[in-house]
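Undergrad: What follows is a structure written as structure tokens; I'll ask about it next.
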Amino acid sequence: MLDTLIERIRAAHETHSPLIIQGGGSKTFYGNPDEGEVLGTRKFTGVVDYQPKELVLTARAGTPLAEIEALLAEQNQMLAFEPPHFVPLPNPLPLAGEGANDALCAPRPIYATLGGCIAAGLSGPRRPYAGAARDFVLGVRIIDGTGQPLRFGGQVIKNVAGYDVSRLMVGALGTLGLITEVSLKILPKPAAEITLQFELDEASAILKMNQWAGQPLPLSATSWHAGLLTVRLSGAASAVQVAQAKLGGEALHDASGFWQRLRDQATPFFDKRPLWRLAVKPTTPPLNLGDAQWIEWGGAVRWLASERPANTLREVAKTAGGHATLFRGDAPSDGTFSHSTKPASGQVAGYPHPSPRTGEGANVMPTAINDGVFTPLAPALATLHRALKQRFDPHGILNHGRLYPDF
């Protein structure tokens, strides 16, 4: 399978043919529209090495996250950054060419894979307290845009040799290379855990989250929505009990289900479009935009369901010391358009790839200047990004445009 991926990329490099790297298909909504033929990784699966006592796991890119988490759970361990799945894992269905009659094959299930998890670089509720996805990556194997297999980092926690290129791949959305293998640091599950809820308005909840963050409390997740502040405590049983007695509140019975639904955006709030993710200073007071919102990460992330123009929300985020990402859906235009003629993204046999953001089946995509998914880069940072792209993918064939139009 690895040789097949290498040959496919080398051929695309020679002909300057763009490719869309895709695993389980759970994050095809995330990022700008890309173009090209789909290069699937979901058959490239399997745990290569797992050392529970060393707290290290290595697996291939197409391995479903659910399988990895189930394996870790057997040893009472976890991926501490709680990567989102976004869609539930259905019952496995046969894949075309894998012992099934192609004509009778049901649509392929959509599920999160390890490669997509690292390429997207997204983390769940535990992120501000345990670390982000990039903090747990020890090493990666990739195939760059010329078809050259490369390895960065290693499989030991104290690997510090050379530049930390492996973590550069986290959040690059496949624009620098196809991730084929990842080594991760894992952690034991906490001995005790409890979730508490408090009825508070937005301003009071933000104040409380920041006050508690400055105290020796075993916080592991925070959330505020619709007048309800939810706080998770994790750690030694004695520490959790002391913290619970200090904070008060009401214990939430279906705590694991609550945090899983929040992690995977499986609540009605996240069905709203457009959905924006504003990363701001946690102490930022209420934004008072009049839009439906959900606050996470101790106040550092504000999810907004807003019809406001992109530039308006980006200016709000910038003023608050952060940035804004159009996470799902299309934003209203600021009024200045440029037109591109990218074709709609390709399809994987059995289920459709999302259409361009401007409408089903659209081939001409009006895109307002500054209305892209991600906040435009500062000139110096953009130059650095272009240099990296040129080094790893000189012909720009991998997930072209997924991060920014010229990457």
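The values are calculated or read from the model by the stated rules, or taken from the named source; none is laboratory data. Since we're looking at a predicted model, the values are computed, not measured. All Cβ positions, glycine included, derive from the backbone under ideal geometry; neighbour counts span all protein chains shown.
Undergrad: Within the stretch 202-222, which residues are hydroxyl-bearing (Ser, Thr, Tyr) and touching a strand residue (DSSP E or B) at 6+ places or on another chain (Cβ under 6 Å)?
TA: Listed by number, the residues that qualify are Ser220, Thr222.
Undergrad: Do any strands (runs of 3 or more DSSP E) lying entirely in the stretch 20-133 carry at least 3 residues that are touching a helix residue (DSSP H, G or I) at 6+ places or on another chain (Cβ under 6 Å), within 17 Å of Arg263 (Cα to Cα) and at pLDDT 95 or above, and which ones are they? Spell out the reasoning first.
TA: Working: elements: 37-40, 47-51, 56-60.
It comes to none.
Undergrad: Among (1) surrounded by fewer than 17 Cβ atoms within 10 Å (Cβ to Cβ); (2) modelled with pLDDT of 95 or more; (3) touching a Pro at 6+ places or on another chain (Cβ under 6 Å), which single condition is Gly329 missing?
TA: (2)
Undergrad: When you scan the stretch 50-57, do you find a residue that is crowded, with 23+ Cβ neighbours inside 10 Å and of a type in the set (Val, Ile, Thr), even just one?
TA: No, the stretch 50-57 contains no residue that is crowded, with 23+ Cβ neighbours inside 10 Å and of a type in the set (Val, Ile, Thr).
Undergrad: Counting only residues that are of a type in the set (A, V, I, L, M), outside any helix (DSSP H, G or I) and either surrounded by 15 or more Cβ atoms within 10 Å (Cβ to Cβ) or under 27 Å from the mean Cα position of the chain (by Cα) (or both), how many does the stretch 243-277 have?
TA: Of the residues in that region, 3 qualify.
Undergrad: Taking the stretch 278-302, which residues are among the charged types (D, E, K, R) and over 16 Å from Thr222 (Cβ atoms)? If you could, list the steps in order and put the result at the bottom.
TA: Taking the stretch 278-302 and keeping what is among the charged types (D, E, K, R), we get 281, 291, 296, 302.
Across the stretch 278-302, the qualifying residue is only Asp291.
Undergrad: Here are some residues: Trp224, Trp212. Which one is aromatic (Phe, Trp, Tyr) and either in the same structural domain as Ser166 (by TED's automatic domain parsing) or touching a helix residue (DSSP H, G or I) at 6+ places or on another chain (Cβ under 7 Å) (or both)? Show your work before the answer.
TA: Numbers: Trp212 fails: either in the same structural domain as Ser166 (by TED's automatic domain parsing) or touching a helix residue (DSSP H, G or I) at 6+ places or on another chain (Cβ under 7 Å) (or both).
Residue meeting the stated conditions: Trp224.
Undergrad: Related question: In this structure, is Ala12 among the small types (Gly, Ala, Ser), more than 20 Å from the chain's Cα centre (by Cα) and buried (at least 19 other Cβ atoms within 10 Å of the Cβ)?
TA: Numbers: among the small types (Gly, Ala, Ser): yes; more than 20 Å from the chain's Cα centre (by Cα): yes; buried (at least 19 other Cβ atoms within 10 Å of the Cβ): yes.
When the stated conditions are applied, Ala12 passes them.
Undergrad: May I pose another question? Looking only at the stretch 228-242, decide whether some residue is of a type in the set (A, V, I, L, M), closer than 15 Å to Trp297 by Cβ and part of a strand (DSSP E or B).
TA: Yes.
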